[in-house]
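Student: Got a structure here, written out as structure tokens. Questions coming.
Where a number appears in this text, it was derived from the coordinates with a stated rule and is not lab data. Source: prediction; values computed, not measured. We place every Cβ from the backbone using ideal geometry, glycine too, and count neighbours over all the protein chains shown.
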Amino acid sequence: MERYYIETSGNDDKAYREAINFACNYANEKDEKYEIILYAISKNNVGWLNRIYDRDTVKLFFNGHQFPDCKSKIKIETRKTLKRYHSSINRIIIGMGMGSEDIMILEDIMEVKVIIAIPWLEKDLDKWIKTLQPIEIRGNSTPDPFDEPSCIVKVALSELTERINISSGLTHHMDENLAKTFVRTFHKYNVSAEPDMIEGYLIKVHKWYAKDANSFAELIRKIQAGKRFKGGDKTGLQYN
């Protein structure tokens with residue numbers, strides 16, 4: 001997956017035109033067929049589009065519309081419709097005014113090949129940017145080096161990934177219990193484990209689903225905050 005964003009905030013209408021042009025140029029250069037999705041919180045949250053296109057064109061976007069100079073159809077989808085929307089066509093998704101949590105959901109959709117995120121508030125994408133390091137398409141920001149966990153945590157995460165079925169995530173009780181054992185072991189032996197860093201590392205390096213990487217990171221956050229959870233071997237892995 002390729003990840004991009006525009007560093008901006010507020011009603012930056014130009015950003016939406018730039019993102020759509022970027023998506024069209026990307027699709028025009030590819031042999032594969034792509035669909036460009038304008039991803040909105042709801043049907044009422046498309047004001048940016050109303051200011052750069054006429055209202056009749058925006059209405060066409062809800063059913064899909066194609067410009068003569070763009071190989072790809074452009075379609076508006078929302079949080080609600082995207083969940084039940086399935087396609088065999090590769091997708092370029094432009095996140096309109098959304099934060100990290102909504103953008104992270106896109107990581108789990110197989111057909112999504114490119115994400116272009118435009119925030120509403122300046123800090124809305126901080127977590128996604130920090131953990132998965134998208135490219136800023138205006139060239140205003142240079143991504144920091146990808147933060148990686150310590151060597152011992154990297155080895156542990158590799159072992160965990162090998163021992164669970166990542167295609168089903170942590171849904172099986174044995175896989176969930178093993179993940180909790182690793183978290184308990186990190187805590188017991190005072191292993192430095194930064195949840196956001198680990199979450200991004202699992203997604204980017206080990207190809208975990210974002211929801212499962214987040215669930216694992218949440219267990220770390222919980223135990224670091226002094227909270228309890230059921231499951232996991234409290235003494236396991238000390239000899240590994």
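Student: To the nearest 10 degrees, how steep is helix 210-224 against the longest Cα principal axis of the chain, on a 0 to 90 scale?
Tutor: Computed tilt is about 40 degrees.
Student: Once both axes come from the Cα atoms, what is the angle between helix 13-28 and the longest principal axis of the chain, in degrees from 0 to 90, rounded to 10?
Tutor: 80 degrees
Student: Here is a follow-up. Regarding the stretch 78-136, what is the average projected area of its C-alpha convex hull, in nm²?
Tutor: 4.0 nm²
Student: Additional query: What number comes out for the charge environment of ILE74, summing +1 per Lys or Arg and -1 per Asp or Glu over other residues with Cβ under 13 Å away?
Tutor: Computed value for this residue: +3.
Student: In square nanometres, what is one fourth of the surface area of the convex hull spanned by the alpha carbons of the stretch 115-215?
Tutor: 7.4 nm²
Student: While we're here: So how tilted is helix 173-188 from the main axis of the chain? Cα-based, degrees 0 to 90, rounded to 10.
Tutor: The two axes meet at around 70 degrees.
Student: What order do you get for 173-182, 197-206, 160-169 when each peptide is scored by the mean count of other beta carbon atoms within 10 Å, highest first?
Tutor: 197-206, 173-182, 160-169
Student: Quick one: compute the contact order of the chain, relative version, from alpha carbon pairs under 8 angstrom and 6+ residues apart, as a percent.
Tutor: 20 percent
Student: Please compute, for the alpha-carbon atoms of the chain, the extent along each of the three principal axes and give them in descending order in Å.
Tutor: Largest to smallest, the principal-axis extents are 64, 34, 33 Å.
Student: Sorting check: for 42-55, 66-79, which peptide has the highest mean count of neighbouring beta carbons within 10 Å, and how do the rest follow?
Tutor: Going from most to least packed, we get 66-79, 42-55.
Student: Now for a separate question. Tell me which cysteines of the chain come out unpaired when the rule is another cysteine's Cβ under 4.7 Å.
Tutor: CYS151
Student: Sticking with this structure for a sec: Among residues other than SER168 whose Cβ falls under 11 Å from its Cβ, what is the net charge (Lys/Arg +1, Asp/Glu -1)?
Tutor: -3
Student: Given an 8 Å cut-off on Cα distances and at least 6 residues of separation, report the relative contact order of the stretch 60-164 as a percent.
Tutor: 17 percent
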